[in-house]
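The values are calculated or read from the model by the stated rules, or taken from the named source; none is laboratory data. In this text the structure is predicted, and so the values were computed from the model without any measurement. Every residue, glycine as well, gets a Cβ built from its backbone with ideal geometry; the counts of neighbours run over all protein chains shown.
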């Protein structure tokens, strides 16, 4: 008898049946070990054996691979340049773009301690637009939800090199390049024509919960 060693006998049995096989001897639920036999469409009888601990080993190896896998410098759903609209009311702007352009929120928004919107992403068609509320004096007296300015949000494989190139070309630093708690290294520049550019590189792959926890504890991460 030839046995196929699997991590999950129940899942293997379901797959055999879906593929047209026939179970000859099912798994004994009272048995100390899980094994069964089946007949394939050609009439061959084979066995299934669940190796104790194999599922846990595979799960542990998968977690290890995920932990050691290189982090993509640019988030998968973004391109090199992403518009970041600075608005006087984040909630008002999101509702307007939803009604006006069919925008859909992507992921979870991130807000500050006072409830102000720091970062939200909207998908309009096949493009992503980031939204942030104006800070302090940057917010002119405009109608709620109206756009007051835009920041070009860009991602780079090597943000330090891109940053130095922009400075050499005459850009002015608004926020210095640094590592941030939300898993990115970035900063903001103003070009000679008054336009603002956010240069970023993702350095850690974090969940929304991890970002919120770091913001609360003041942890800067990597």
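For the stretch 113-121, indicate whether the set of residues that are part of a helix (DSSP H, G or I) and modelled with pLDDT of 90 or more is non-empty. No. Out of all the residues in the stretch 94-101, is one or more touching a strand residue (DSSP E or B) at 6+ places or on another chain (Cβ under 9 Å), modelled with pLDDT of 85 or more and exposed (fewer than 15 other Cβ atoms within 10 Å of the Cβ)? Yes: the stretch 94-101 contains one or more residues that are touching a strand residue (DSSP E or B) at 6+ places or on another chain (Cβ under 9 Å), modelled with pLDDT of 85 or more and exposed (fewer than 15 other Cβ atoms within 10 Å of the Cβ).
Among residues belonging to the stretch 184-214 that are touching a residue at least 60 places away in the same chain (Cβ under 8 Å) and closer than 20 Å to residue 132 by Cβ, point out the one that is surrounded by the fewest Cβ atoms within 10 Å (Cβ to Cβ). Result: 208. In this structure, residue 184 does satisfy being under 19 Å from residue 79 (Cβ atoms) and touching a strand residue (DSSP E or B) at 6+ places or on another chain (Cβ under 6 Å). For the stretch 187-216, a residue qualifies if it is within 23 Å of residue 76 (Cα to Cα) and in contact with a strand residue (DSSP E or B) (Cβ under 6 Å, 6 or more places away or on another chain), and the qualifying residues are 187, 188, 197, 198, 199, 200, 201, 202, 203, 208. Per the listing 176, 150, the residue uniquely in the same structural domain as residue 127 (by TED's automatic domain parsing), closer than 21 Å to residue 74 by Cα and modelled with pLDDT of 90 or more is 176.
Yes/no per residue for (1) closer than 17 Å to residue 80 by Cβ; (2) over 16 Å from the mean Cα position of the chain (by Cα):
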| position | (1), (2) |
| --- | --- |
| 162 | yes, yes |
| 172 | no, yes |
| 181 | no, no |
| 184 | yes, no |
| 192 | no, yes |
| 196 | yes, yes |
| 208 | no, no |
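When residue 20 is tested against the conditions (1) part of a loop (DSSP other than H, G, I, E, B); (2) loosely packed, with under 14 Cβ neighbours inside 10 Å; (3) under 31 Å from the mean Cα position of the chain (by Cα), the lone failure is (3).
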